[in-house]
Amino acid sequence: SQQGEEDPQALSIQEGENATMNCSYKTSINNLQWYRQNSGRGLVHLILIRSNEREKHSGRLRVTLDTSKKSSSLLITASRAADTASYFCATEFQGAQKLVFGQGTRLTINP
Amino acid sequence: DGGITQSPKYLFRKEGQNVTLSCEQNLNHDAMYWYRQDPGQGLRLIYYSQIVNDFQKGDIAEGYSVSREKKESFPLTVTSAQKNPTAFYLCASTSSGGVQETQYFGPGTRLLVL
């Protein structure tokens, strides 16, 4: 399967702490994207990182990409209760004009 | 407001019945996608369309059908051949369906079997 694998499947931390989620994949990619999903809702795009990029920032979010290890991480700093959601990585593999989603990390921020 | 709308929010299907899920976008996007999401799982691609009057099967197209007669509309029919249709269905769109694009998602339709 080309599906990305996310780790951990679930993460529970205290408000104010940092949360790190990881995504691994198996074949060469054009880009890797992170999405957020609140319970029972649609997905919202967070960050797109291209295969020639190593790190991107957006507000409290930091995404890294290591193509040699075929992995990416999403860091949320100074977490808030409102960050509670599921986070998905999605990879666009070379030669395929579609995204393949991982199974997601369920993040719970405890007040 | 620009965006993607899906209706209904909840849909109930009886045995042997075909049901159609609506997806409409006013973003002027060329490409549209249908995904299925099972509890605690990621999204799996059912069908996608990069241009009007053309569409391609995704990874789990069996038991589903689509049409793309208008740029803004991409309805999904869950046929009686789909034996396990209970899931959350998400529609998405991108500007051109090319590489390096982000997807915009609708709010989803939850399909339940009676």
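The values are calculated or read from the model by the stated rules, or taken from the named source; none is laboratory data. In this text the structure is predicted, and so the values were computed from the model without any measurement. Glycine gets a Cβ as well: all are built from the backbone with ideal geometry, and neighbour counts include every protein chain shown.
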Next on the checklist: Within segment A:1-24, take every residue that is at pLDDT 95 or above and within 15 Å of A:THR64 (Cβ to Cβ) and give me the one that is surrounded by the fewest Cβ atoms within 10 Å (Cβ to Cβ).
Outcome noted: A:ASN18
Next on the checklist: Between a residue in segment A:50-75 that is at positive phi and any residue that is outside any loop (DSSP other than H, G, I, E, B), which pairs come within a Cβ distance under 9 Å, given they are 6 or more apart or on different chains?
Outcome noted: A:LYS70/A:SER24; A:LYS70/A:ILE29
Checklist outcome for this item: Filtering strands (runs of 3 or more DSSP E) wholly in segment A:14-56 for at least 3 residues that are under 19 Å from B:GLY98 (Cβ atoms) gives A:29-37, A:43-50
Next on the checklist: For segment B:24-114, give me every one of the strands (runs of 3 or more DSSP E) that falls completely inside it and has 3 or more residues that are within 14 Å of chain A (Cβ to nearest Cβ) and free of Cβ contacts under 8 Å to residues at least 24 places away in the same chain.
Outcome noted: B:54-57
Checklist entry - On the given criteria, is B:TYR33 modelled with pLDDT of 95 or more, closer than 20 Å to A:LEU99 by Cα and of a type in the set (Ser, Thr, Tyr)? => result yes
Next on the checklist: So, A:LYS98, is that one charged (D, E, K, R), more than 10 Å from the chain's Cα centre (by Cα) and more than 10 Å from chain B (Cβ to nearest Cβ) or not?
Outcome noted: no
Checklist entry - Which residues, counting only those in segment B:4-27, are of a type in the set (Lys, Arg) and surrounded by 14 or more Cβ atoms within 10 Å (Cβ to Cβ)? => result B:ARG13
Checklist entry - Only one of these conditions is not met by A:THR84: (1) buried (at least 17 other Cβ atoms within 10 Å of the Cβ); (2) within 21 Å of B:GLU101 (Cβ to Cβ); (3) of a type outside the set (Phe, Trp, Tyr). Which number is it? => result (2)
Checklist entry - Scanning for something touching a residue at least 24 places away in the same chain (Cβ under 8 Å) and touching a helix residue (DSSP H, G or I) at 6+ places or on another chain (Cβ under 8 Å), does segment A:12-32 turn up at least one residue? => result yes
Next on the checklist: With the requirement that a residue be under 15 Å from A:ILE49 (Cα atoms), within 14 Å of chain B (Cβ to nearest Cβ) and not hydroxyl-bearing (Ser, Thr, Tyr), what does segment A:66-95 give you?
Outcome noted: A:PHE88, A:CYS89, A:ALA90, A:GLU92, A:PHE93, A:GLN94
Checklist entry - Restricted to segment A:57-81, and to residues that are in a loop (DSSP other than H, G, I, E, B) and among the hydroxyl-bearing types (Ser, Thr, Tyr), which residue is surrounded by the fewest Cβ atoms within 10 Å (Cβ to Cβ)? => result A:SER68
Checklist entry - Regarding B:SER73, is this residue touching a Cys at 6+ places or on another chain (Cβ under 9 Å), of a type in the set (S, T, N, Q) and surrounded by fewer than 18 Cβ atoms within 10 Å (Cβ to Cβ)? => result yes
